[in-house]
Amino acid sequence: MSFHHNFFMAAMCAAMFSIPQCLSAQKSRVAAPMEDRNNVVDNTLDSLNKARFARPVPGSSRKGDNPVLFLIGNSTMRTGTLGNGNNGQWGWGCFMHEYFDSEKITVENHALGGMSSRTFYDKLWPEVLPGIRKGDWVIIELGHNDNGPYDSGRARASIPGIGKDTLHVTIKETGEKQIVYTYGGYMRKFIDDVKARGAHPVLMSLTPRNAWADADSTVIERVDTTFGLWARQVARKAKVPFIDLNEISARKFERFGKEKVKTMFYLDRIHTSEFGARVNVESAVEGIRSAKGLPLSSCLLPEVQDTVTGISRKTGRPVVFTIGDSTVKNEDSDPDGMWGWGSVLSEFLDTNRVSVENHAMPGRSARTFLDEGRWNKVYDALHPGDIVLIQFGHNDAGPVNTGKERAELRGAGPESKVFKMASDGRYKVVYTYGWYLCKFIMDAREKGAIPVVISHSPRNKFDNGLIESNADSFGAWTREVAESTGVTFIDLNAIAGQELQRMAYDEGLKKVNAHFKRDHTHSSLLGARLNASIIADALNREVLKQ
């Protein structure tokens, strides 16, 4: 057939069909793009200039000839353009460096919110690829955004599946011409490019969403018939490691339960809070450790085992764990010094039935006790039947993001706010005082333990003969949490306060003063024993049933 005949036929086609009609006909030969099931407003600004400014120069972290671990992904790996948590959301890649020995390998998070396998490969990969050297590692987790239209709007969809289909499109808004490949096609491109530079690719499935099979289900939705399956199939054929991040985290979410899983996300059902991001990064590391014959695992820091928390446990005896501040645990050594009631609680309990471990820490609020990882140690040590005594409030007022940076929002509701911390410029979501108590309660119950909330111990402060009360603030919020969650509430502030006030009337302030040491807050040994006896009495009556 002659050139002139071909030209004539092409001209006839152009005359008979509009461009959109031709495109529709072409589209019919490939699968329709996947539906956007996330139903969220992506907070990414889609400014590549900002993204380039915020992301590291590829390979710039390299130390000598050591390898670099490159992270390639979307907002679940690095949320937003800047990836700094300023919207309360965090991607798991922001914490990956904490698990690797920086003297063996450095970690660079090159993910960007809003990217699909197609848009990352077309727009960002050309800048990342030159930084990759022989011996480096590249983790690829993409797919959350591989949906929507092929040729308009964000125009980021890949063709579903792992086939070799292609689609020629013209972006409606810009006139840019592109070739669209399947999801598997883009994964193969990433793999081939990485291998060509002598580096090692690793594919991961997507992080799970806060999506359950149905309203009554306890099963998290999986991606094992779509992106998870396709990534696994591509990895198997290309003989590269595959880590099922979706499955590892989903199993954890199912153990947590729906209420706790809500705390894993912020603002929507796909973007994680710092809590959720840390669950996902731990799942990623778990997958690396357990992958058979994966040399990358040799660069991980050794796992640190806690050999202290729960050490008092004896078969058949639950442990009573205490968490709190300096009124629960203090110097606790000099009989004439400052004491916390947690260190003398065992004097008032039957230690043939329980053991007592005091894990409170001076100066901590409910928020800082959680943020510093102190609660995680107790949580990990909990067994069914254990008891967790929770008392905060002394350090939970004051500035949130300046000074000691330890206060929470006032109240017991679900409110939260993102603050920029003055000490390090880091953004952090801060919740209400009651929210933190609820988290301790949820976590304890998840492990089968029995949480008990306690209002903070009274201070040696009198006004017109009446001892100061927290009944309108922390005491009220603690009671509100107890009532809403159905846990035992011990109103130490009221009970001990009433006893101290009686002493003031009957025996004078000198007797009251003997219960405190150095200031109006911290207890002497005598004061610690008064508080401990009140708590033990309530425990024996309401929890231990003695």
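The values are calculated or read from the model by the stated rules, or taken from the named source; none is laboratory data. Quantities reported herein were computed from a predicted structural model and do not represent experimental measurements. Note that we place each Cβ from the backbone using ideal geometry, even for glycine, and neighbour counts take in every protein chain shown. Side chains are part of the model used for accessible areas, which takes the heavy atoms of the whole protein and leaves out ligands, DNA and RNA. Shrake-Rupley method; radii C 1.70, N 1.55, O 1.52, S 1.80 Å.
Helix 183-196 and the longest principal axis of the Cα set of the chain meet at an angle near 90°.
When the Kirkwood hydrodynamic radius is evaluated over all pairs of different C-alpha atoms of the range 405-540, what value in angstrom, to one decimal, is obtained? Display every interim value, and only then the final one.
Details: mean 1/r = 0.0601 Å⁻¹.
The answer is 16.6 Å.
The shape of the range 182-315 can be summarised by an equivalent ellipsoid whose semi-axes, obtained from the alpha carbon gyration tensor, come to 29, 23, 12 Å from longest to shortest.
Spacing of the modelled spin labels on residue 417 and residue 254, each 7 Å from Cα toward Cβ, amounts to 4.0 nm. For residue 447, the lysines whose Cα falls under 25 Å of its own Cα, not counting residues fewer than eight places away in the same chain, are 252, 258, 260, 262, 314, 329, 377, 439, 545. Helix 3-16 and the longest principal axis of the C-alpha atoms of the chain enclose an angle of approximately 50°. Taking the Cα centre of the chain as origin and assigning +1 to Lys and Arg Cβ atoms and -1 to Asp and Glu Cβ atoms, the resulting dipole is close to 1680 debye. Computed log10 I(q)/I(0) for the chain at 0.08, 0.10, 0.11, 0.12 Å⁻¹: -0.64, -0.88, -1.00, -1.12, from the Debye equation with unit scatterers placed on every C-alpha and solvent omitted.
Can you give the helix-only mean residue ellipticity at 222 nm for the chain, where every DSSP H stretch with n ≥ 4 adds -39500 (n - 2.57) and the sum goes over all residues, rounded to the nearest 500 deg cm²/dmol? Result for the chain: -9500 deg cm²/dmol, rounded to the nearest 500. Counting only protein heavy atoms and using a 1.4 Å probe, the accessible area of residue 278 comes to about 70 Å².
Look at the dipole of the chain built from charges on Cβ: of 474, 95, 536, the Cα furthest out on the positive end belongs to 95.
Highest mean first, what order results for 216-224, 417-425, 360-368 on Cβ atoms within 10 Å? Show your work: numbers first, answer last.
Details: 216-224: 14.7, 417-425: 12.4, 360-368: 21.7.
Most protected by this proxy first, the peptides run 360-368, 216-224, 417-425.
For the range 125-230, the Kirkwood hydrodynamic radius from C-alpha pairs, put into Stokes-Einstein at 4 °C and a viscosity of 1.567 mPa s, yields a diffusion coefficient of 82 µm² per second.
Pairs of Cα atoms in the range 242-392 fall into 5 Å distance bins, from 0 up to the last occupied one, in shares of 2, 8, 13, 15, 16, 15, 12, 9, 6, 3, 1, 0, 0 percent.
Computed from the C-beta positions of residue 267 and residue 464, the FRET efficiency with R₀ = 35 Å rounds to 0.15.
Per-residue extension of 0.36 nm, minus the Cα-Cα distance of residue 176 and residue 294, leaves a gain of 38.4 nm for this segment. Per the Debye formula on identical point scatterers at the alpha carbon atoms of the range 342-485, with no solvent, log10 I(q)/I(0) at q = 0.12, 0.17, 0.19, 0.20 Å⁻¹ is -0.54, -1.04, -1.23, -1.32.
For the pair the range 254-270 and the range 483-546, the centres of their Cα atoms are 37 angstrom apart.
Pick out, in residue order, every one of the trypsin sites (Lys or Arg not before Pro) in the range 477-546 that is DSSP loop and has at most 10 other C-beta atoms within 10 Å; say none if there are none. Before the final figure, lay out the partial values.
Values: sites: 479, 502, 510, 511, 517, 518, 529, 541, 545; in loops: 517, 518, 545.
Answer in residue order: 518, 545.
When the gyration tensor of the range 127-166 is built from Cα positions, what are the square roots of 5 times its three eigenvalues, in whole Å, from largest to smallest?
Details: eigenvalues 143, 35, 21 Å².
Working through the eigenvalues yields semi-axes of 27, 13, 10 Å.
The base-10 log of I(q)/I(0) for the range 170-222, evaluated at q = 0.25 Å⁻¹, reads -0.93 [Debye formula, identical scatterers on Cα atoms, solvent excluded].
Seen against the Cα atoms of the chain and their longest principal axis, helix 245-256 is set at about 30 degrees.
If each residue of separation counts as 0.36 nm, what is the full-extension length gain between residue 239 and residue 485 once their alpha-carbon separation is subtracted? Can you show the working numbers first?
Working: separation 246, 0.36 × 246 = 88.56 nm, distance 5.03 nm.
Length difference between fully extended and current span is 83.5 nm.
A crude spin-label estimate for the pair residue 336 and residue 426, with each label 7 Å from Cα along the Cβ direction, gives 4.2 nm.
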